[in-house]
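The values are calculated or read from the model by the stated rules, or taken from the named source; none is laboratory data. This one's a predicted model, so the numbers in the text were calculated from it and none came from an experiment. Please note: Cβ atoms are built from the backbone with ideal geometry, for glycine as well, and neighbour counts cover all protein chains shown. In case anyone asks, the SASA skips ligands and DNA or RNA and just uses the protein heavy atoms, side chains included. Shrake-Rupley method; radii C 1.70, N 1.55, O 1.52, S 1.80 Å.
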Amino acid sequence: MMTQYHKILRQSARDVLDRNWNGHFTRPAPSLYPHQWNWDTGFIVIGLATYDWKRVEKDLQFLFRGQWKNGMLPHIIFGNDPEARYFPGPEFWQAERASMAPEQATSGITQPPVFGFALWHAYRHAPNRDEAKTLLRALYPKILAQHAYLYRDRDPAQEGLAYICHPWEPGTDNSPTWDSALQRIDPQQVSIPPYTRKDLQNPRAAAHRPTQADYDRYVYLVDLFRSADYEEAKIAATCPFIIQDPLFNAILIYSTECLMHIARLLDEPTNQLEAWRTRAVAQMNAKLWNPQTGLYDAWDVVQDQRIEIQTSSGLIPLLAGIPSKTQAEQIQRTLEGPMFSSRDTWLCPTYSLLAEDINYEKYWRGPVWINMNWLLYQGAKRYNLDTVAERLRTDSLELLNRFGFYEYFDPRRKSGTREGYGTDQFSWSASCALDWLAET
Ligand code: GLC
């Protein structure tokens with residue numbers, strides 16, 4: 001039942017999305033993120049679909065203008081606002097060096113492939129399913145091309161797992177999982193082009209956002225890619241950071257499955273999708289599953305070794321039906337055990353509570369992120385883990401209600417903080433709330 005508290009929260013969430021709409025697309029946040037972001041848009045359209053289908057269409061149309069000719073969907077599509085202050089901007093990416101780049105200004109790397117599932121979840125909210133089908137028909141081949149790109153160019157060994165080549169690609173920028181691979185880049189030893197960060201406007205930002213050394217390495221990698229004119233084979237051969245991430249791949253697999261639902265609606269064949277899915281699920285279990293911890297790990301392709309760092313990304317394969325029933329029970333114990341759960345914390349910290357270097361305030365090194373809770377919630381529901389699913393939902397809504405639509409939150413219930421961290425008015429926090437509230 002929709003209570004008064006839910007109604008107020010729903011209105012505030014819509015207000016956030018409405019304010020972040022700039023006439024062409026929904027920005028992730030009013031000033032920190034003034035352009036269009038790839039996976040943010042996926043979450044945003046699910047929430048928008050609960051009340052404004054026209055904007056779902058416009059947001060997605062703008063995003064796909066940025067798709068590269070090889071199918072790659074860039075992580076940022078740059079808008080035209082001359083006031084927008086963001087680094088790295090189009091002049092730094094120099095995407096035009098790539099023969100595959102479109103006319104639209106974009107970055108040169110990708111983000112988690114959310115659109116198969118985003119479109120499917122949005123469609124389920126659509127007020128007029130016939131009208132919505134027109135959008136499905138228009139976008140289906142483009143999303144298929146994106147998946148073909150990932151399973152072709154990002155999986156040269158044809159294993160069934162796509163790699164990421166920059167910590168911005170999985171969306172979990174400074175996750176501790178990336179530390180060991182990033183250590184290969186010594187900012188004192190390599191040449192890093194001059195740059196000025198624009199993400200430290202908020203006085204508290206330095207404590208909460210990635211460090212200078214992190215940024216030097218992010219910039220070094222971008223410089224490497226643009227020097228290679230964004231040619232995939234050159235990047236695969238020279239990049240010190242090539243990783244198979246369980247979050248990125250679980251999202252790819254879930255999107256592939258949702259594309260199969262869409263294909264059936266549109267009378268399109270599903271064999272290719274089915275083949276990708278079957279191979280990928282088998283490889284996730286053969287290569288990334290860790291029976292000791294009950295989590296899926298990331299794999300360092302450069303060193304050909306497992307990265308044993310316990311983050312919530314390792315729980316997300318529930319979303320895509322990847323674990324068997326027994327594995328799912330083990331994941332449930334991990335999620336409800338001391339690594340991710342305690343009486344004094346909100347679900348779900350992004351890094352193990354048992355890790356000595358957990359940082360409750362720093363970005364992807366501990367705080368709760370609402371989109372991760374949404375993905376986990378979907379996974380828990382899928383395996384009928386209803387109690388933990390409900391905790392994920394109520395913890396998320398309560399965090400948003402108490403502190404506002406922030407980007408991330410301190411997982412400690414008694415942290416003493418009165419706000420969330422990062423930027424306020426954050427679109428996907430609002431959007432995930434709208435999806436949950438539509439179920440109430
Ligand atoms: C941050 C997040 C990333 C997100 C972007 C825009 O960089 O780490 O996942 O897409 O902000 O919101």
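Of everything in the range 399-439 that's within 16 Å of the ligand (Cβ to nearest atom) and among the charged types (D, E, K, R), which residue is most open to solvent (accessible area, probe 1.4 Å)? Selected residue: 424.
The set of residues from the range 216-257 being open to solvent by 10 Å² or more (accessible area, probe 1.4 Å), within 21 Å of the chain's Cα centre (by Cα) and of a type in the set (Phe, Trp, Tyr) comprises just one member, 254.
One residue stands out in the range 45-58 among those that are buried (at least 24 other Cβ atoms within 10 Å of the Cβ) and not β-branched (Val, Ile, Thr): the one that is nearest to the ligand (Cβ to nearest atom), namely 47. Scanning the range 270-295 for residues that are open to solvent by less than 20 Å² (accessible area, probe 1.4 Å) and either touching a Lys or Arg at 6+ places or on another chain (Cβ under 9 Å) or modelled with pLDDT under 95 (or both) turns up 288, 290, 294.
Of the helices (runs of 4 or more DSSP H) contained entirely in the range 332-440, those carrying at least 3 residues that are touching a Cys at 6+ places or on another chain (Cβ under 9 Å) fall at 370-382, 386-403.
Within the range 1-39, the set of residues being assigned to a loop (DSSP other than H, G, I, E, B), away from the ligand (no atom under 16 Å from the Cβ), among the polar types (S, T, N, Q) and open to solvent by 60 Å² or more (accessible area, probe 1.4 Å) is empty. Do we have residue 131 as part of a loop (DSSP other than H, G, I, E, B), among the charged types (D, E, K, R) and open to solvent by 50 Å² or more (accessible area, probe 1.4 Å) here? Judged against the criteria, residue 131 is not a match.
To keep it simple, each residue is scored yes or no on (1) aliphatic (A, V, I, L, M); (2) within 16 Å of the ligand (Cβ to nearest atom); (3) modelled with pLDDT under 95; (4) open to solvent by less than 10 Å² (accessible area, probe 1.4 Å).
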position: 118; (1), (2), (3), (4): yes, yes, no, yes
position: 122; (1), (2), (3), (4): yes, no, no, yes
position: 136; (1), (2), (3), (4): yes, no, no, yes
position: 155; (1), (2), (3), (4): no, no, no, yes
position: 160; (1), (2), (3), (4): no, no, no, yes
position: 173; (1), (2), (3), (4): no, yes, no, no
position: 187; (1), (2), (3), (4): no, no, yes, no
position: 194; (1), (2), (3), (4): no, no, yes, no
position: 210; (1), (2), (3), (4): no, yes, yes, yes
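Across the range 91-116, the qualifying residues are those that are open to solvent by 30 Å² or more (accessible area, probe 1.4 Å) and assigned to a helix (DSSP H, G or I), and the one among them that is nearest to residue 34 (Cα to Cα) is 91.
Residues in the range 391-409 that are acidic (Asp, Glu) and in contact with a helix residue (DSSP H, G or I) (Cβ under 9 Å, 6 or more places away or on another chain): 395, 407. Residue 149 meets all of the listed conditions (1) open to solvent by less than 10 Å² (accessible area, probe 1.4 Å); (2) within 30 Å of residue 410 (Cα to Cα); (3) part of a helix (DSSP H, G or I); (4) not polar (S, T, N, Q) but one, namely (2). Here residue 329 does not fit the description of being under 21 Å from residue 43 (Cα atoms), over 20 Å from the mean Cα position of the chain (by Cα) and not hydrophobic (A, V, I, L, M, F, W, C).
Scan the range 315-325 and give yes if some residue there is touching a residue at least 40 places away in the same chain (Cβ under 8 Å), more than 23 Å from the chain's Cα centre (by Cα), open to solvent by 40 Å² or more (accessible area, probe 1.4 Å) and more than 16 Å from the ligand (Cβ to nearest atom), otherwise no. Yes, the conditions are met somewhere in the range 315-325. Selection of first residues in the range 119-136 that are under 15 Å from residue 263 (Cα atoms) and of second residues that are open to solvent by less than 40 Å² (accessible area, probe 1.4 Å) and of a type in the set (Ser, Thr, Tyr), restricted to Cβ pairs under 6 Å at least 6 apart or on distinct chains, gives the following pairs, ordered by first then second residue: 132/123. Against the test of being in a loop (DSSP other than H, G, I, E, B), open to solvent by less than 10 Å² (accessible area, probe 1.4 Å) and not aliphatic (A, V, I, L, M), the options 71, 79, 42 yield a single qualifying residue, 71.
Among the residues here, residue 362 qualifies as open to solvent by 10 Å² or more (accessible area, probe 1.4 Å) and in contact with a helix residue (DSSP H, G or I) (Cβ under 7 Å, 6 or more places away or on another chain).
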